[in-house]
Structures are given as structure tokens and as C-alpha cells.
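Single-structure report; data block below.
The values are calculated or read from the model by the stated rules, or taken from the named source; none is laboratory data. All figures in this text were calculated on a predicted structure; none of them were measured in a lab. So basically every Cβ, Gly included, is an ideal-geometry build from the backbone, and we count neighbours across all protein chains shown. For the accessible areas, the whole protein counts, side chains as well, though only heavy atoms, and no ligand, DNA or RNA atoms are used. Shrake-Rupley method; radii C 1.70, N 1.55, O 1.52, S 1.80 Å.
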Amino acid sequence: MTSPTSRIDEPEIYTEQRPWGGFERFTWNEQSTVKIIHVAPGQRLSLQRHRHRDELWVALDPGAVFEIDGEKIEPEVGRRVMIRAGQTHRMSSSGPAVRVLEIAFGHFDEDDIERLEDSYGRV
């Protein structure tokens, strides 16, 4: 669903191989907040943006849908997408319940949500 001119970034993540396998490091000695977001079957979060934080989303289940600046993608499990402060974004489920790992970088405050559209009357 992404176009060749996509503005949706997959961030560079530090990886290291070890004799037993390896690891990916998403954050290192910086202020961050980590959540796993659970989206109920067929539901979606509000279309929103933040002023004071970037967010890294990682799809943990099939059926997640990411919308960033009007562009929708259906990421494969493990796909990483970076949302920069000021970009409009939302996540949803195309049918099944889904989980998304969210790592927020910068000052985290739930009041830093500017809702632009919402299915639950919170705009």
C-alpha cells in the first residue's frame, strides 16, 4: 500500500551478532517511554499528532494498519515505522486484535495528543 515516494521511515536500529544469535537495540541511554498498544478487532485510535515526541511503532501481529500523514500501510510483523513529531498518525486493526510496540522518544505526556479525528467523540 505504500507508494515509491513514501515518507514513512523505517529507522536505523543498532544490531549486533553474538555466538548465540544477536540483538536489536532500539534506544540507548536516552529518554523514552515503551508501551505495547492493544487494538481490539476492527477498531482504530484517533487521528492525532504530537509536538514533543517522536514514536517508533513495531507491528507485533498481522492485521495492523498504520496511517502516517494520510498514507496507509499494512505492515508485516516486525516492520518498524518512525513517526516524527508533528506528523499525523493513527493505528488500527484490519480485522483481528493486534498489538503494536510503541517507543516514544522525548518528553512523554498523554496531554501532548492533538486529536484531529476520533471515532469515540474525543475531538
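Calculated accessible area for the chain comes out at 59 Å² per residue, all protein chains present (probe 1.4 Å; ligands, DNA, RNA ignored). Of the accessible area of the chain, computed with a 1.4 Å probe over protein heavy atoms only, carbon and sulfur atoms account for 48 percent. Tyr120 contributes an accessible area of around 110 Å² to the protein surface, as traced by a 1.4 Å probe with all chains present. About the centre of its Cα atoms, the chain shows a dipole size close to 160 debye [charges on the beta carbon of Lys, Arg (+1) and Asp, Glu (-1) only; nearest 20 debye].
Across the protein chains, with a 1.4 Å probe defining accessible surface, the residues Glu12, Glu71, Glu30 rank Glu12, Glu30, Glu71 from largest area downward.
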